[in-house]
């Protein structure tokens, strides 16, 4: 079997353009993948087509060789854009392999380690009431009523590096309101979105500890690993991070400090081959993995198959229930949450295909990204559309 063609599609979800691809072979089998970032959709699409000539004519079963070549052979570090393009192509090849062998992707990755995946809800806090404790509390109650036993949310508005006293206490009031609304048994995961300076992150970590969050996620920017290590070493709340990294070496630097043990690798930037390596690295450091899965519906399925086959899996991020309702029509089947656990489509490879009739209904738009430092971003309507 030989790789012959690639096609790409950009789907205009209002708060994040999703980038999909389809790889074709000379034997009629094809596979689908995703390469979504928060921005740069057209750039990633171009990168997919620039990388593709490196693998034309190769056997799609040779995923280890192809993953290495796509990362190494252009002799450039394209960061997350490069990683997203690589991931889109490589996912499609794993999908082809699963279809050819008649088995789901998780079987190729080692088989099921557990019967089900516990999920946490993300994207649920976007009501018209604004960023108030009452709005957070009302939406949290409704999300728990749907069956979720864990909720992630960013209560910090458009904060960047430091905050004033009023904003500091408002964010804490939102956390307190959610805890009061859902009770002590629900896991609360506090999202920092790389917002803060070290001292601000530590002030928030100390103040939120009384509400017993399960983790404080990416409280400082990822570029200086030492800053994340400093926060993790001093925080009374466990720190979770890793979604911004796109190569094994970055995880090696983070794990060497032995202070962060909840690792949120992003399959969308690593590709499945490197993601499995990182999972093993985390396992060797007695850590657990909770892959970032806040992109499109194919990414959600990739994370699910990885998590099913990972011995040190912790919890699965689930956005699909809180995206635009037409998302469920983009694929021939989708993952679903039932009773706080994930149910994925059964079938070879990813178990799904793209519905091109729906894809063309939602074109790219340059405002389709999450403007995290713009007031009202949590409504997820895109840039400038509050």
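Identify all residues within segment 1-31 that are under 24 Å from residue 61 (Cβ atoms) and assigned to a loop (DSSP other than H, G, I, E, B); write none if there are none.
Passing the criteria: 1, 2, 26, 27, 28, 29.
Look through segment 127-152, keep the residues that are crowded, with 17+ Cβ neighbours inside 10 Å and under 20 Å from residue 372 (Cβ atoms), and return whichever of them is modelled with the lowest pLDDT. Among them, the one singled out is 131. Reported count of residues in segment 87-133, each being assigned to a helix (DSSP H, G or I) and either touching a strand residue (DSSP E or B) at 6+ places or on another chain (Cβ under 9 Å) or farther than 23 Å from residue 319 by Cα (or both), is 18.
Results for (1) closer than 30 Å to residue 273 by Cβ; (2) free of Cβ contacts under 8 Å to residues at least 60 places away in the same chain; (3) in contact with a helix residue (DSSP H, G or I) (Cβ under 8 Å, 6 or more places away or on another chain), shown as yes or no for each residue.
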{"residue": "108", "(1), (2), (3)": "yes, yes, yes"}
{"residue": "111", "(1), (2), (3)": "yes, no, no"}
{"residue": "129", "(1), (2), (3)": "no, yes, yes"}
{"residue": "139", "(1), (2), (3)": "no, yes, no"}
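If the condition is being farther than 18 Å from residue 317 by Cα and either out of contact with any helix residue (DSSP H, G or I) (no Cβ under 7 Å at 6 or more places or on another chain) or crowded, with 19+ Cβ neighbours inside 10 Å (or both), then segment 253-269 contributes 254, 255, 256, 258, 260. Among the residues of segment 270-297, the one identified as buried (at least 24 other Cβ atoms within 10 Å of the Cβ) and at positive phi is 271. The condition of being under 20 Å from the mean Cα position of the chain (by Cα) and not in a strand (DSSP E or B) holds for only one of 317, 346, 357, 327, that being 327.
Scanning segment 46-86 for residues that are farther than 17 Å from residue 269 by Cβ and not in a helix (DSSP H, G or I) turns up 55, 56, 57, 58, 59, 60, 61, 62, 73, 75.
The values are calculated or read from the model by the stated rules, or taken from the named source; none is laboratory data. As the structure is a prediction and not an experimental result, all values here were calculated from the model. Because the Cβ atoms are built from the backbone with ideal geometry, glycine has one as well, and the counts that use them run over all protein chains shown.
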